[in-house]
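The values are calculated or read from the model by the stated rules, or taken from the named source; none is laboratory data. It should be emphasised that the depicted structure is a prediction, and the values quoted were computed from it without experimental measurement. Every residue, glycine among them, receives a Cβ derived from its backbone with ideal geometry; neighbour counts consider all protein chains shown. Just the protein is used for accessible areas: all its heavy atoms, side chains included, with ligands, DNA and RNA removed. Shrake-Rupley method; radii C 1.70, N 1.55, O 1.52, S 1.80 Å.
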Amino acid sequence: MKLFIDTANLTEIREAASWGILDGCTTNPSLIAREGRDFAEAIWEICEIVQGPVSAEVVAQDAEGMLREAALLKQIHEHVVIKIPMCHEGLKATRALADEGTPVNVTLIFSVNQALLAAKAGAAYVSPFVGRIDDTGNDGMGVLADIINVFDHYYFDTEVLAASIRHTAHMLDAQRLGSHVATLPFKVLKQMVHHPLTDKGNAAFLADWATVPGDGLESTVSAFLQRPRG
Ligand code: E4P
């Protein structure tokens with residue numbers, strides 16, 4: 001599963017990238033607005049840190065406008081993926097961009113039918129918003145599962161990108177379903193690292209280690225390496 005971070009915050013992106021687990025990043029106009037920075041500069045910096053696909057969203061509502069914006073966004077960095085909202089004009093723009101080899105992430109997907117149309121228009125990714133579907137009292141993971149099954153059934157190359165992930169249980173379900181990608185907030189990424197038994201186990205190891213003779217691991221091992229052996 002590819003892991004994308006769902007933020008435009010450079011500190012969070014840098015930290016996640018330093019863990020060696022980050023494959024890409026998704027942004028949207030709300031995430032960009034939250035940072036209060038120059039949009040193009042922020043996207044460039046994110047691309048430089050991530051060195052993988054970074055979704056940057058168009059805001060035009062007509063296909064011609066979306067294509068003009070996409071042409072500019074692509075020039076910011078080679079890693080930019082054009083994010084286009086699901087709608088008639090978005091499908092037109094997706095098809096035109098796919099035909100010229102530009103990867104598109106079709107966003108704001110809330111149904112299997114929308115995902116099918118985006119895939120047929122040539123999207124590289126479709127982003128079902130799992131958490132927002134749950135918010136409406138419906139089954140976000142059910143929609144994600146159905147999309148994955150349908151894409152498998154028809155051999156679409158389009159990758160399913162689980163979006164609007166709210167907690168670690170969402171992540172577990174997305175993995176079990178075989179979602180190709182998940183984009184998650186930094187908070188959830190951090191929560192995935194932790195387990196109470198890991199913390200407890202590590203504390204016990206350190207307490208036991210404190211009773212081992214010697215001046216610590218580095219000096220003990222260094223001293224050993226300098227001594228003749230055998
Ligand atoms: C996906 O690309 C979106 O940016 C994101 O996952 C939306 O998540 P939200 O519903 O938490 O805003």
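Data overview
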item: Answer from Ala8, Ala56, Ala33 - the residue that is without any contact (Cβ under 8 Å) to a residue 12 or more places away in the chain and within 15 Å of the ligand (Cβ to nearest atom); result: Ala33
item: Criterion: in contact with a helix residue (DSSP H, G or I) (Cβ under 6 Å, 6 or more places away or on another chain), open to solvent by less than 100 Å² (accessible area, probe 1.4 Å) and within 30 Å of Met1 (Cα to Cα) - qualifying residue of Asp152, Asp173, Asp139, Asp199; result: Asp173
item: Filter pass, Phe156 being away from the ligand (no atom under 16 Å from the Cβ) and in a loop (DSSP other than H, G, I, E, B); result: yes
item: Check on His180, out of contact with any helix residue (DSSP H, G or I) (no Cβ under 6 Å at 6 or more places or on another chain), surrounded by 12 or more Cβ atoms within 10 Å (Cβ to Cβ), under 24 Å from Glu15 (Cα atoms) and of a type outside the set (Val, Ile, Thr); result: yes
item: Test result for Arg132, over 12 Å from Val58 (Cβ atoms), part of a helix (DSSP H, G or I) and within 11 Å of the ligand (Cβ to nearest atom); result: yes
item: Unique residue being open to solvent by 50 Å² or more (accessible area, probe 1.4 Å), aliphatic (A, V, I, L, M) and modelled with pLDDT of 95 or more when the list is Ala42, Ala33; result: Ala33
item: Selection from region 70-104 of residues that are over 14 Å from Ala121 (Cα atoms) and of a type in the set (S, T, N, Q); result: Gln75
item: Helices (runs of 4 or more DSSP H) contained entirely in region 166-230, each with at least 1 residues that are within 16 Å of the ligand (Cβ to nearest atom); result: 168-177, 186-193
item: Filtered residue count, region 86-129, keeping only those that are in a helix (DSSP H, G or I) and open to solvent by 30 Å² or more (accessible area, probe 1.4 Å); result: 13
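Results for (1) open to solvent by less than 10 Å² (accessible area, probe 1.4 Å); (2) on the phi < 0 side of the Ramachandran plot; (3) out of contact with any helix residue (DSSP H, G or I) (no Cβ under 7 Å at 6 or more places or on another chain), shown as yes or no for each residue.
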position	(1), (2), (3)
Asn28	no, yes, yes
Ile49	no, yes, no
Ala63	yes, yes, no
Val81	yes, yes, yes
